[in-house]
Amino acid sequence: MTMTTQTTSIDGQAGPELPADAGSKVDFSRKVNRLILLAAAAVLLNAVYDYSARPVEAKLLDQGDPIPEFSLNLLDGGQASRQGFMGRPMLYYFYANWCPCSHESVVNIRKAVEEGKAAGLGVMFVGIQDSRENLEKFARTHKLQFPVAVEGGQMFSDRVGISVTPTTVFVDSAGVVQSFFVGKVERFGQLEDGLKSIMPQGQPGATPSPA
Amino acid sequence: MSLIDAFAGGVHALFSIWIFCLMQVIPFFVAYVIGSTLLERDQDPSVKPWRSFGMNLAMATTGFIVVFTIMGLSATALSKALFAHVSIANQFGAVIIALLALHIAGALTLDGKSTAVRIGARVSGLALGAALALAYKPCVTPTLTYIYGLTQGEQTVARGGLLLVVYTVGEFMVISALAAGLLALALKAKGPGARKGIRIAAAVVMMAISVMILTNKMTIYKGFLVGGFVNQPGHDHSQMDHSKMNHDNMEQMDHSQMDHGAMDHMNHGGQEKEK
């Protein structure tokens, strides 16, 4: 003889008759459901707690906003902060080693810096969304002779409002963001407007020669 | 740039090196669409699998496109608000992905007969797509570079938004075709046991991205898997860096026909200047 049990669905209607052990299976299934939902609630509570205690507020900067404070660990072992780059126009180039466009834009970033060197243009390569090892590999691949931040970039990018790579941020000598270039720099000309916005008028490099 | 250019740019991304950047989305999206379709078939054999697939696909794609587009409209207050809270939104998204994975695997059960539950399960595809869009950090292709140039400017943000939608639709056309092909193979699996095996495999893939988002380890996936493909021997970036890049070659990398004179002035606030 087979034992059966009556089931009831969530909308209260009588369900089909099931074998007796089906009742215990349903109970077990409900317990598992509760356990999963409790775990999910715990993870979310923890996320909310972490979020409320986060040290850095993510913000999409606009033209005219000051570049926020940052503390970056450089490839050469040094540290970089905003104060160290005040008084000179700067390019902040946010890159990731896994991103082909980050690699392919370097040639034009390098050219921009060379063109603007006389006017004091500086550059900082800021690695994000990648491991330190890979960010270092990027610098080695391109034989970069510029400051390369391999730690702390993610926090900095959150404060500037950068979520995609590559992104170039143009900051003037007063530390004010003047322009963004989001994406692959295919031609040097794509950087010209940004460079003009941060170069002192009449200085060499204000109107770099075309590629 | 025309809508056709944007669409072609999206399609082209799947047939170029940028497919590796899209690996942040493709396996997890496909796993959800196939897993949820097989689940519906196992729960109710009368369900037509391709109809179910179409619904799941449409929901997940819509969720992705809406959030990805909002994130891209950087000139808008909505984008700024979302960016300010993206980290917590990401965590919520990861939990949603995990719950859906457990549901697909059969560990988290819902009463499939209830209309409310059915609607909820269907709408969950929107949440899945949105969650993947939050986690997706694209490598910005030339077409996307142009579009982001438009979305930065208050005058051009609407046009940029439209192009961004069309670009993403182009990407998802190809991803959908891939998912359809894999589903056709999955439907050949004989019996519920084999289908359950596929569902569990899909759930494992989805759980993987959920854990990576929750533990902030997407960099490992991108760095080692995606970066591993991008930095294959033969793709020598250092040589590319030092060579004078041929403009015609770059055109071949991205098939969109663009006015480069005007484009050079884009992306610095989106002000499209007259030549």
Where B:I19 falls short, out of the listed (1) in contact (Cβ under 8 Å) with a residue 24 or more places away in the chain; (2) under 15 Å from the mean Cα position of the chain (by Cα): (1)
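Quick grid of which residues meet (1) among the hydrophobic types (A, V, I, L, M, F, W, C); (2) free of Cβ contacts under 8 Å to residues at least 12 places away in the same chain; (3) surrounded by 22 or more Cβ atoms within 10 Å (Cβ to Cβ):
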residue	(1), (2), (3)
A:Q145	no, yes, no
A:V148	yes, no, yes
A:F156	yes, no, yes
A:S163	no, yes, yes
A:P166	no, no, yes
A:A174	yes, no, no
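If we only count helices (runs of 4 or more DSSP H) wholly inside the stretch B:141-221, which ones have 2 or more residues that are touching a helix residue (DSSP H, G or I) at 6+ places or on another chain (Cβ under 7 Å) and farther than 19 Å from B:I65 by Cβ?
Working: elements: B:142-151, B:157-186, B:191-214.
Qualifying helices (runs of 4 or more DSSP H): B:157-186, B:191-214.
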Qualifying residue in the stretch B:80-98 (condition: under 22 Å from A:F180 (Cα atoms), within 10 Å of another protein chain (Cβ to nearest Cβ) and in contact (Cβ under 8 Å) with a residue 40 or more places away in the chain): yes
Single condition A:G84 does not satisfy, out of (1) away from every other protein chain (no Cβ under 12 Å); (2) outside any helix (DSSP H, G or I); (3) not polar (S, T, N, Q): (2)
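Only helices (runs of 4 or more DSSP H) wholly contained in the stretch A:98-199 count here; list those with 3 or more residues that are modelled with pLDDT of 90 or more and of a type outside the set (G, A, S).
Details: elements: A:100-116, A:132-141, A:153-160, A:189-198.
So the answer is A:100-116, A:132-141.
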Selected residue (criterion: surrounded by the fewest Cβ atoms within 10 Å (Cβ to Cβ)) from residues of the stretch B:121-152 that are of a type outside the set (S, T, Y) and in contact with a strand residue (DSSP E or B) (Cβ under 9 Å, 6 or more places away or on another chain): B:K137
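Output the residues belonging to the stretch A:132-185 that are among the aromatic types (F, W, Y) and either touching a Leu at 6+ places or on another chain (Cβ under 8 Å) or facing another protein chain (nearest Cβ under 10 Å) (or both).
The first filter runs over the stretch A:132-185 and keeps only residues among the aromatic types (F, W, Y), leaving A:138, A:146, A:156, A:170, A:180-181.
Of everything in the stretch A:132-185, those that are among the aromatic types (F, W, Y) and either touching a Leu at 6+ places or on another chain (Cβ under 8 Å) or facing another protein chain (nearest Cβ under 10 Å) (or both) turn out to be A:F138, A:F156, A:F170, A:F180, A:F181.
Has the stretch A:110-120 got at least one residue that is on the phi > 0 side of the Ramachandran plot and within 17 Å of the chain's Cα centre (by Cα)? Outline the logic, then answer.
First, pick out the residues of the stretch A:110-120 that are on the phi > 0 side of the Ramachandran plot: A:120.
Narrowing further to those that are within 17 Å of the chain's Cα centre (by Cα): none.
No; the residues of the stretch A:110-120 include none that is on the phi > 0 side of the Ramachandran plot and within 17 Å of the chain's Cα centre (by Cα).
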Candidate set from the stretch A:123-168 (those that are more than 16 Å from A:C99 (Cα to Cα) and among the β-branched types (V, I, T)); member that is farthest from the chain's Cα centre (by Cα): A:V123
Helices (runs of 4 or more DSSP H) contained in the stretch B:1-95 and holding at least 1 residues among the aromatic types (F, W, Y) and surrounded by fewer than 20 Cβ atoms within 10 Å (Cβ to Cβ): B:49-72
From A:L38, A:L60, A:L45, residue being modelled with pLDDT of 75 or more, closer than 30 Å to A:R159 by Cβ, surrounded by fewer than 12 Cβ atoms within 10 Å (Cβ to Cβ) and not basic (K, R): A:L45
Residue ID - nearest to B:K222 (Cα to Cα), chosen from residues in the stretch A:118-140 that are among the β-branched types (V, I, T) and free of Cβ contacts under 8 Å to residues at least 40 places away in the same chain: A:I128
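The values are calculated or read from the model by the stated rules, or taken from the named source; none is laboratory data. Quantities reported herein were computed from a predicted structural model and do not represent experimental measurements. We place every Cβ from the backbone using ideal geometry, glycine too, and count neighbours over all the protein chains shown.
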